[in-house]
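The next block holds one structure in the form of structure tokens; read it before the comments.
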Amino acid sequence: MRLKATRRDRQQYAEGRGNMGRTRDGSTMHTKLTLIAEIARRDRGCKIDNVAYLLDEANLGECFYMLKEGKAAGIDGVGIEEYENDLDANLKDLVARMKRQAYRPQPVRRTYIPKANGKLRPLGIPATEDKIVQKGIARILEAIYEQDFLDSSYGFRPGRGCHQALAQLNRIIMTRPVTHVIDADIKGFFDNIDHSLMMHAVRKHTDSKWVLLYIERWLKVPGQEENGTITAREKGTPQGGVASPLLANIFLHHVFDKWMAETFSGCPFERYADDVVIHCSSLAEAQDVKAAVEDRLRRCKLEAHPEKTRIVHCREGHRPENYEPVSFDFLGYRFQPRPCKSRTGHLFIGYNPAMSVRARKRVLDKVRSWGLQRMSDRSLGELALLVNPSVRGWLNYYGRYYKDEMKHVFQPLNAVLVRWARWKYQKVRNGVGRAWAWMRRIADAQPGLFAHWVAGFTP
């Protein structure tokens, strides 16, 4: 019988509750991974070898349904939907090739997306079949290594994310004698990981020949440019690969996290992928730590970004020193001195996060791309249905800290809605003030129409 899953089935597979992921003894893949995680937690430092049996049709089928639909296809042009049309036969053939070690990943399709600074970021898109195998091995490695990762690492880990990293960063600045932070960034991290060091890090906790063989093949698989040129890969892991985030965490856990915790135990830090913030209690300490981190990265064949890695002074009201710079960005938030009010109502200068200028520009670019002011054929309710999903997402993420700063996003959005009203209605077309007054009356009568009106950002 051909495998086919609904959206609800996909969610169940992702949570380990689907029937597809049952192994030969009737237990689910989720149960097997939980057992591996318990062994790794109970016996820290052990090497887990016998995991290749988990890469069967049941596990890989479950991994297939955990992949996101609609994502770009690899060089073979086969997307998720096409692969699913004959899923049983495809998975059976894939497992057979893996058992006889005949499976080899296809070249990674290289594409480029624009960065905020105007440059292009290279992405590597594996074929659908390679995504499935990477997902399967990544789940196994995650169960093994997650027990060893430090609490200061937040990127691409289950149950952890940006808000947890921001909360710890803000808490340390508020409660500990932190005068400076090191805002560190690794230059071209995914493109410069040394393969031999990467494999050495993976071997710390597993001797599985299959796992090591396929990871080594992924690292060495060439890339195919958009013009068809094949480029050999001597270092790095494709940014965009399913397993790349986990491999990056394994690599930096040994290269940076453990070294930092042992060498500078008095300097807490937060790391999200290759973005790091290190807390220091003085300028001299920050300079020593920065020099040591740069040296450590060089010895591990990496480089701290010379422009993005810098020492920032956490200037507050009771710290009059006039060091520069006094602000840094982390995960879409900008930390800088801001006016605050104490519980007793007194004003003071604190060092708090709010939506960054760069994030604000991205959001405004998105608002402009909608072209709402030209949609005179739609009603105000239809505009709300269009924009509210994005607005709720922005509020949920950027509204966690210093939400008032989001007025720089939502007041321009209100201005676009006013322009829409002037295009649509003759009675307010020639009067900006009348158009704003009309929109305010709508907001008073229907305060729940737009998500940002509900949050208090009314016209």
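The values are calculated or read from the model by the stated rules, or taken from the named source; none is laboratory data. These figures come from a predicted structure and were not determined experimentally. Note: ideal-geometry Cβ built from the backbone for every residue, glycine included; neighbour counts use all protein chains shown. Please note that ligands, DNA and RNA were not included when accessible areas were found on the heavy atoms of the full protein model with its side chains. Shrake-Rupley method; radii C 1.70, N 1.55, O 1.52, S 1.80 Å.
Confirm whether residue 315 is within 30 Å of residue 140 (Cα to Cα) and open to solvent by 50 Å² or more (accessible area, probe 1.4 Å). No; evaluated as a whole, the condition is false for this residue.
Restricting the stretch 227-271 to residues that are under 21 Å from residue 188 (Cα atoms) and of a type in the set (Val, Ile, Thr) leaves a set whose member that is most open to solvent (accessible area, probe 1.4 Å) is 230. Residue 401 satisfies every condition listed in (1) assigned to a helix (DSSP H, G or I); (2) closer than 21 Å to residue 275 by Cβ except (1). When the stretch 40-57 is limited to residues that are under 28 Å from the mean Cα position of the chain (by Cα) and part of a helix (DSSP H, G or I), the one that is modelled with the highest pLDDT turns out to be 54.
To keep it simple, each residue is scored yes or no on (1) in contact (Cβ under 8 Å) with a residue 60 or more places away in the chain; (2) surrounded by 13 or more Cβ atoms within 10 Å (Cβ to Cβ); (3) in a helix (DSSP H, G or I).
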position: 391; (1), (2), (3): yes, yes, yes
position: 394; (1), (2), (3): no, yes, yes
position: 397; (1), (2), (3): yes, yes, yes
position: 406; (1), (2), (3): no, yes, yes
position: 412; (1), (2), (3): no, yes, yes
position: 419; (1), (2), (3): no, yes, yes
position: 422; (1), (2), (3): no, yes, yes
position: 433; (1), (2), (3): no, no, yes
position: 457; (1), (2), (3): no, yes, no
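Determine whether the stretch 299-309 contains at least one residue that is free of Cβ contacts under 8 Å to residues at least 40 places away in the same chain, closer than 17 Å to residue 188 by Cα and open to solvent by 40 Å² or more (accessible area, probe 1.4 Å).
Looking for residues that are free of Cβ contacts under 8 Å to residues at least 40 places away in the same chain, closer than 17 Å to residue 188 by Cα and open to solvent by 40 Å² or more (accessible area, probe 1.4 Å), one finds at least one in the stretch 299-309, hence yes.
Taken over the stretch 355-378, the criterion of being closer than 22 Å to residue 333 by Cβ and either assigned to a loop (DSSP other than H, G, I, E, B) or of a type in the set (A, V, I, L, M) (or both) is satisfied by 355, 356, 357, 359, 363, 364, 367. If you take the residues in the stretch 103-128 that are more than 19 Å from the chain's Cα centre (by Cα), touching a residue at least 60 places away in the same chain (Cβ under 8 Å) and part of a loop (DSSP other than H, G, I, E, B), which one is nearest to residue 332 (Cα to Cα)? Here the residue is 107.
Counting just the residues of the stretch 205-232 that are in contact (Cβ under 8 Å) with a residue 60 or more places away in the chain and in a loop (DSSP other than H, G, I, E, B), which one comes out farthest from residue 54 (Cα to Cα)?
226
Yes/no matrix, rows are residues, columns are (1) open to solvent by less than 20 Å² (accessible area, probe 1.4 Å); (2) small (Gly, Ala, Ser); (3) not in a helix (DSSP H, G or I):
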{"site": "130", "(1), (2), (3)": "yes, no, no"}
{"site": "138", "(1), (2), (3)": "yes, yes, no"}
{"site": "163", "(1), (2), (3)": "no, no, no"}
{"site": "172", "(1), (2), (3)": "yes, no, no"}
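Consider residue 369 carefully, then state whether it is of a type in the set (S, T, N, Q), closer than 30 Å to residue 429 by Cα and under 28 Å from the mean Cα position of the chain (by Cα). Criteria met by residue 369. Can you work out which of the residues in the stretch 223-239 that are in contact with a Ser or Thr (Cβ under 8 Å, 6 or more places away or on another chain) and of a type outside the set (Asp, Glu) is farthest from residue 76 (Cα to Cα)? My answer is 237.
Within the stretch 263-273, identify whether any single residue is of a type outside the set (D, E, K, R), more than 18 Å from residue 168 (Cβ to Cβ) and out of contact with any Leu (no Cβ under 7 Å at 6 or more places or on another chain), and answer yes or no.
yes
Only one of the listed residues (115, 99, 92) is within 25 Å of residue 157 (Cα to Cα) and open to solvent by 30 Å² or more (accessible area, probe 1.4 Å). That residue is 115. Take residue 352 and decide whether it is part of a strand (DSSP E or B) and either on the phi > 0 side of the Ramachandran plot or of a type in the set (S, T, N, Q) (or both). It is true that residue 352 is part of a strand (DSSP E or B) and either on the phi > 0 side of the Ramachandran plot or of a type in the set (S, T, N, Q) (or both). At least 3 residues being of a type in the set (Lys, Arg) is the threshold, and among the helices (runs of 4 or more DSSP H) wholly inside the stretch 243-349 those reaching it are 283-299. Within the stretch 113-134, no residue satisfies the criterion of being at pLDDT 85 or above, farther than 17 Å from residue 237 by Cβ and in contact with a strand residue (DSSP E or B) (Cβ under 8 Å, 6 or more places away or on another chain). Scoring residue 381 on the criteria (1) crowded, with 17+ Cβ neighbours inside 10 Å; (2) within 35 Å of the chain's Cα centre (by Cα); (3) assigned to a helix (DSSP H, G or I); (4) touching a residue at least 40 places away in the same chain (Cβ under 8 Å) leaves a single failure, condition (1).
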